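Visitor: Take a look at the following structure, please.
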Amino acid sequence: MGGPATDMRQKLLEIRGLEVEFQTRRGIARAVNCIDLTLYAGERFGLVGESGSGKTTMILALLRMIREPGRISGGQVLLDGVDLLKLSDEEMRKTRLAGLAMVPQGAMNSLNPVMRVGDQIRLSMSEHGQRRPAEAGRIEELLQMVGLRPQVAELYPHELSGGMKQRACIAIAISLRPRLILADEPTSALDVVVQRHIMQTLRSLGESMDATVLLVGHDMGLMAQFTQRMGIMYGGKLVEVGTVEEIFSSPKHPYTQLLIASIPSFKSRGEFKGIPGVALSLLNPPTGCLFHPRCPQALDECASVDPSLKELDGHHTACLLYGREGTHAATPA
Amino acid sequence: MPPPLLEARHLRKVFSSGGEPFGAGSETVATEDFSISISAESPSFTTVAGESGSGKTTIARLLLGLMAPTSGQVLFRGSDVQGMRPTERRAYRREVQAIFQDPFEVYNPFYKVDHILTTPIRKFGLARSKGEMGEMVAKALEAVGLRPDETLGRYPHQLSGGQRQRITVARALLLQPKLIIADEPVSMVDASLRATILETLHRLYREFAISFIYITHDLTTAYQVTDNIVILYRGAVVEAGDVERVIDKPMHPYTQELVEAIPTPVPGRGWLAENEEVEMGGAGGGGVESRGCAYAPRCAHAADRCRAQTPPLYRTDAGGAAACYLYGENAVVGAREFAALLVTDGRGEC
Ligand SMILES: Nc1ncnc2c1ncn2[C@@H]1O[C@H](COP(=O)(O)OP(=O)(O)OP(=O)(O)O)[C@@H](O)[C@H]1O
Ligand code: SF4
Ligand SMILES: [Mg+2]
């Protein structure tokens, strides 16, 4: 479904019609709005989009970690064909870490300051359903997999640098060999040298375990270098899905085009290309295409017709410039 | 010549963490020998860049007088900000403003934007009437590209991240500051909002002659907006100078490594493939090593001398300064010359 290259690959995660709503004092905000997306085994996928467009909320929904006042209000999340939204809480707890695991934003601060690194890895493994204590040597092996010396197991978090802490968090995330690693801005606090080391580690781990990595973030340079395919979100919807080359060199959706154009470079000083207009309000979203009030290419019908994600040569775009078809004619991305 | 608007001389800040669960207490040098000078006469736009834990926020807090240095001084118009007379302190609080990373956190969600904007006017008694206050607010909002009628009367959660960040800028503007210290003002937002907010700051610099100290870990946006840049590594300055020279021709091995490692937004550059060897990491947190160049353990050029003694800042051929013995033949840059390095010679336009 994602063009000839991806047809060959095995589907790992199928997200179908996923919706998340937040109950607020002023009404319901649909932060994730009917998302369809397929991730393939072993691929590196990047998710970008406007601040507040629902990226983190979507990831938390995959993990079933949406808290009140939010709830998953519809859809399916099939991991190897099993709908995670139908699992019991106990089954879901075991699936976290073993099936899909998260390296959260600011993960470095999520380590317990008074527990040795090795003990933290051991504890989180047992909390997520590993019944027997980790075999001897497993902790050391995990540390080596993320590029840390085995002796780090004996250290406390404050004895580690930021990059080392982030590696320790990755060691926890991969401890039960997940099929899918969700990484929300995993390196935004680190310098680019350390960032590159960590991303190299994540890539080789993904390759050696045949795990899929879903990377969320705002760093378009990192996205260009790390990912193979990308999805672009706007207002809770996925508006474009394509290969990383297509997204950067021939973006189709007007929002993606403007986002790509806004990226600064070392060629231009004092040039700023933000997207004019106001970010949309989820409580009072526009009719038709959510982007139409800010879209420089909007057609008359954009104010009334809501475009669905539609396939064009293996590239998916939700925009009326590329023809309008009924919702059902579109293939899920 | 009048004294500089704000000057930092040899700032050093040491945090000691209580020993309890970890045995002996440890000391972290968050800032080592940091000096800077912001002219009262010609505006400048300076970046202080470094990774998290490199001491950036400590420097911001010291410059804002929110904490006292362990040694060294911060001077506002020539007087030490620790122990200023009340009238001086008032001028300092007004002329030096701050913008922080997460504007969402600062505001009480139950106050409307109007309240956020009128509070500083009332606090400093800047308006004689309600009407004048309204005019000031409207002018400040317009200066940051917000429409008063679309913005006033709203609660913070009803505004986008970029709008909220611009409200913070408008609030700072109301006090007609001479200097705005912006600590990671755009690190939480997407690329297009980054451009919108940085453009606002840049315009205020150009049109209102407000100086900026832009604190960030992102060299690409630094290149976009600033004239000068100071690169920190573990609390100490490793390189400083004109931003184009520093980024286009970095001199310090750390800056060279940083610039080379920036992921470019062009797919297929082999960024992940290069430099495959993985750091195994030694122990040690973010503070400065007690002896020697803090970068020596990572540096390809490190010699015995580098490990024995911390290098001072030397002049580089490119007209900047680098704390590295590779330039040990050149003159040492003292605090005064360092300050002069970062003075903008009216280049403003770029
Ligand atoms: N607890 C909550 N209550 C109400 N609304 C919420 C809550 N959490 C998130 N939202 C809303 O859901 C939307 C999506 O937020 P989310 O954090 O997923 O965005 P994001 O794409 O991850 O943004 P960023 O790029 O800034 O991290 C936003 O409008 C946000 O305000
Ligand atoms: S559907 Fe219309 S308004 Fe929406 S992005 Fe496409 S052209 Fe613009
Ligand atoms: Mg997020």
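The values are calculated or read from the model by the stated rules, or taken from the named source; none is laboratory data. Here the structure is a predicted model, which is why all the values come from computation and not from measurement. Cβ placement follows ideal geometry from the backbone for every residue including glycine, while neighbour counts extend to all protein chains displayed. These area figures cover heavy atoms from the full protein model, side chains too; ligands, DNA and RNA do not enter into them. Shrake-Rupley method; radii C 1.70, N 1.55, O 1.52, S 1.80 Å.
Visitor: Can you pull out the residues in region A:207-226 that are away from chain B (no Cβ under 11 Å) and closer than 24 Å to A:ASN109 by Cβ?
Guide: Those that are away from chain B (no Cβ under 11 Å) and closer than 24 Å to A:ASN109 by Cβ: A:VAL213, A:LEU214, A:LEU215, A:VAL216.
Visitor: If you don't mind, there's one more thing I want to ask. Scanning region A:307-318 for residues that are surrounded by 16 or more Cβ atoms within 10 Å (Cβ to Cβ) and aliphatic (A, V, I, L, M), which turns out nearest to the other protein chains (Cβ to nearest Cβ)?
Guide: Per the stated criteria, the residue is A:ALA318.
Visitor: Okay, next question. If I go through region A:31-62 residue by residue, how many of them are within 15 Å of ligand 1 (Cβ to nearest atom) and either within 14 Å of another protein chain (Cβ to nearest Cβ) or not polar (S, T, N, Q) (or both)?
Guide: Start the filter on region A:31-62 by keeping residues that are within 15 Å of ligand 1 (Cβ to nearest atom), which leaves A:31-35, A:37, A:46-62.
Within this subset, residues satisfying the condition of being either within 14 Å of another protein chain (Cβ to nearest Cβ) or not polar (S, T, N, Q) (or both) are A:31-32, A:34-35, A:37, A:46-56, A:58-62.
The total comes to 21.
Visitor: Restricting the search to region B:147-174, which residues are small (Gly, Ala, Ser), at pLDDT 80 or above and not in a loop (DSSP other than H, G, I, E, B)?
Guide: Once the filter is applied, which keeps residues that are small (Gly, Ala, Ser), at pLDDT 80 or above and not in a loop (DSSP other than H, G, I, E, B), region B:147-174 yields B:ALA170, B:ALA172.
Visitor: Check region A:174-190 and report whether any residue there is in contact with a Phe, Trp or Tyr (Cβ under 9 Å, 6 or more places away or on another chain) and of a type outside the set (Gly, Ala, Ser).
Guide: No, region A:174-190 contains no residue that is in contact with a Phe, Trp or Tyr (Cβ under 9 Å, 6 or more places away or on another chain) and of a type outside the set (Gly, Ala, Ser).
Visitor: Which residues, counting only those in region B:185-201, are in a loop (DSSP other than H, G, I, E, B) and under 20 Å from B:PRO43 (Cα atoms)?
Guide: B:PRO185
Visitor: Which condition number does A:GLN200 fail, the rest of (1) within 19 Å of A:ASN109 (Cα to Cα); (2) facing another protein chain (nearest Cβ under 9 Å) being met?
Guide: That leaves (1) as the condition not met.
Visitor: Condition first: within 16 Å of ligand 1 (Cβ to nearest atom), under 30 Å from B:VAL266 (Cα atoms) and under 18 Å from the mean Cα position of the chain (by Cα). Can you find one or more residues in region A:201-215 that meet it?
Guide: yes
Visitor: Looking only at region A:239-290, which residues are within 9 Å of chain B (Cβ to nearest Cβ), in a loop (DSSP other than H, G, I, E, B), in contact with a Ser or Thr (Cβ under 6 Å, 6 or more places away or on another chain) and more than 16 Å from ligand 3 (Cβ to nearest atom)?
Guide: A:SER262, A:PRO264, A:LYS273, A:GLY274, A:ILE275, listed by residue number.
Visitor: While we're on this one: Hey, any hits in region A:184-204 for a residue that's assigned to a loop (DSSP other than H, G, I, E, B) and within 16 Å of ligand 2 (Cβ to nearest atom)? Spell out the reasoning first.
Guide: First, the residues of region A:184-204 that are assigned to a loop (DSSP other than H, G, I, E, B): A:185-191.
Then keep just the ones that are within 16 Å of ligand 2 (Cβ to nearest atom); that gives none.
No, region A:184-204 contains no residue that is assigned to a loop (DSSP other than H, G, I, E, B) and within 16 Å of ligand 2 (Cβ to nearest atom).
Visitor: Now, a different point. Assess whether A:ALA101 counts as being more than 14 Å from chain B (Cβ to nearest Cβ), buried (at least 23 other Cβ atoms within 10 Å of the Cβ) and either within 16 Å of ligand 3 (Cβ to nearest atom) or at pLDDT 95 or above (or both).
Guide: It is false that A:ALA101 is more than 14 Å from chain B (Cβ to nearest Cβ), buried (at least 23 other Cβ atoms within 10 Å of the Cβ) and either within 16 Å of ligand 3 (Cβ to nearest atom) or at pLDDT 95 or above (or both).
Visitor: Give the residues of region A:63-87 that are more than 14 Å from chain B (Cβ to nearest Cβ), of a type outside the set (A, V, I, L, M, F, W, C), more than 16 Å from ligand 3 (Cβ to nearest atom) and open to solvent by 50 Å² or more (accessible area, probe 1.4 Å), sorted by residue number.
Guide: Passing the criteria: A:ARG64, A:GLU68, A:ARG71, A:GLN76, A:ASP80, A:GLY81, A:LYS86.
Here's the yes/no breakdown for (1) touching a Phe, Trp or Tyr at 6+ places or on another chain (Cβ under 8 Å); (2) open to solvent by less than 50 Å² (accessible area, probe 1.4 Å); (3) on the phi < 0 side of the Ramachandran plot:
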residue: B:LYS139; (1), (2), (3): no, no, yes
residue: B:VAL144; (1), (2), (3): no, yes, yes
residue: B:ASP149; (1), (2), (3): no, no, yes
residue: B:LEU152; (1), (2), (3): no, no, yes
residue: B:TYR155; (1), (2), (3): yes, no, yes
residue: B:GLY162; (1), (2), (3): no, yes, yes
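Visitor: While we're on this one: Kindly indicate whether any position in region A:298-306 is in a loop (DSSP other than H, G, I, E, B) and open to solvent by less than 30 Å² (accessible area, probe 1.4 Å). Explain how you work it out, then say what you get.
Guide: Residues of region A:298-306 in a loop (DSSP other than H, G, I, E, B): A:298-299, A:304-306.
After this cut, where a residue has to be open to solvent by less than 30 Å² (accessible area, probe 1.4 Å) as well, the list is none.
Within region A:298-306, none of the residues are in a loop (DSSP other than H, G, I, E, B) and open to solvent by less than 30 Å² (accessible area, probe 1.4 Å).
Visitor: Name the residue, out of B:LEU204, B:LEU179, B:LEU198, B:LEU232, that is of a type in the set (A, V, I, L, M) and under 18 Å from B:THR316 (Cα atoms).
Guide: The unique qualifying residue is B:LEU232.
Visitor: Exactly one of (1) within 25 Å of B:VAL225 (Cβ to Cβ); (2) crowded, with 21+ Cβ neighbours inside 10 Å is unmet by A:PRO276. Its number?
Guide: Condition not satisfied by A:PRO276: (2).
Visitor: Quick check on region A:163-174. Is at least one of its residues in a loop (DSSP other than H, G, I, E, B) and among the charged types (D, E, K, R)?
Guide: Within region A:163-174 (the criterion being in a loop (DSSP other than H, G, I, E, B) and among the charged types (D, E, K, R)), the answer is no, since none of the residues qualifies.
Visitor: Which is facing another protein chain (nearest Cβ under 9 Å), hydrophobic (A, V, I, L, M, F, W, C) and surrounded by fewer than 24 Cβ atoms within 10 Å (Cβ to Cβ), of B:ALA209, B:ALA172, B:ALA261?
Guide: Checking each option against the conditions leaves just B:ALA261.
Visitor: Evaluate region A:45-53: report whether one residue or more is of a type in the set (A, V, I, L, M) and modelled with pLDDT under 95.
Guide: no
Visitor: Can you tell me how many residues within region A:130-162 are under 21 Å from A:GLU207 (Cβ atoms), not in a loop (DSSP other than H, G, I, E, B) and not polar (S, T, N, Q)?
Guide: Initially, region A:130-162 is screened for residues under 21 Å from A:GLU207 (Cβ atoms), giving A:138, A:141-148.
Then drop every residue that is not not in a loop (DSSP other than H, G, I, E, B), which leaves A:138, A:141-145.
Then drop every residue that is not not polar (S, T, N, Q), which leaves A:138, A:141-143, A:145.
Summing the residues that are under 21 Å from A:GLU207 (Cβ atoms), not in a loop (DSSP other than H, G, I, E, B) and not polar (S, T, N, Q) in region A:130-162 gives 5.
Visitor: While we're here: Of all residues in region B:17-37, which are modelled with pLDDT under 80 and either within 11 Å of chain A (Cβ to nearest Cβ) or assigned to a strand (DSSP E or B) (or both)?
Guide: Result: B:SER17, B:GLU20, B:PRO21, B:PHE22, B:GLY23, B:SER26, B:GLU27, B:THR28.
Visitor: Hey, another quick one. Can you name every residue in region B:132-147 that is over 19 Å from B:PHE45 (Cβ atoms) and within 14 Å of chain A (Cβ to nearest Cβ)?
Guide: Correct list: B:LEU141, B:LEU146, B:ARG147.
Visitor: Spot the failing condition for B:HIS202; the list is (1) surrounded by fewer than 19 Cβ atoms within 10 Å (Cβ to Cβ); (2) touching a residue at least 60 places away in the same chain (Cβ under 8 Å); (3) at the interface with another protein chain (Cβ under 8 Å from one of its Cβ atoms), and only one is missed.
Guide: Among (1) surrounded by fewer than 19 Cβ atoms within 10 Å (Cβ to Cβ); (2) touching a residue at least 60 places away in the same chain (Cβ under 8 Å); (3) at the interface with another protein chain (Cβ under 8 Å from one of its Cβ atoms), the lone unmet condition for B:HIS202 is (1).
Visitor: In addition: I'm told B:ILE181 meets every condition in (1) within 26 Å of A:GLY235 (Cβ to Cβ); (2) buried (at least 17 other Cβ atoms within 10 Å of the Cβ) except one. Can you identify the failing condition by its number?
Guide: (1)
Visitor: Report the residue count in region B:279-300 for those that are loosely packed, with under 14 Cβ neighbours inside 10 Å, at pLDDT 50 or above and either in contact with a Cys (Cβ under 9 Å, 6 or more places away or on another chain) or farther than 15 Å from B:GLU257 by Cα (or both).
Guide: Selection size over region B:279-300: 2.
Visitor: Any idea how many residues of region A:34-60 are within 14 Å of A:MET230 (Cβ to Cβ), open to solvent by 10 Å² or more (accessible area, probe 1.4 Å) and within 11 Å of ligand 3 (Cβ to nearest atom)?
Guide: So the answer is 1.
Visitor: Determine whether region A:18-28 contains at least one residue that is modelled with pLDDT of 95 or more and more than 10 Å from ligand 1 (Cβ to nearest atom).
Guide: There is at least one residue in region A:18-28 that is modelled with pLDDT of 95 or more and more than 10 Å from ligand 1 (Cβ to nearest atom).
Visitor: A follow-up question, please. Look through region B:47-90, keep the residues that are assigned to a helix (DSSP H, G or I) and among the hydroxyl-bearing types (Ser, Thr, Tyr), and return whichever of them is nearest to the other protein chains (Cβ to nearest Cβ). Before you say what the answer is, go through the steps one by one.
Guide: So in region B:47-90, the residues assigned to a helix (DSSP H, G or I) come out as B:56-63, B:86-90.
Of the ones still in play, those that are also among the hydroxyl-bearing types (Ser, Thr, Tyr) are B:57-58, B:87.
On the way: B:THR57: 11, B:THR58: 15, B:THR87: 38 Å.
Top of the filtered list is B:THR57.
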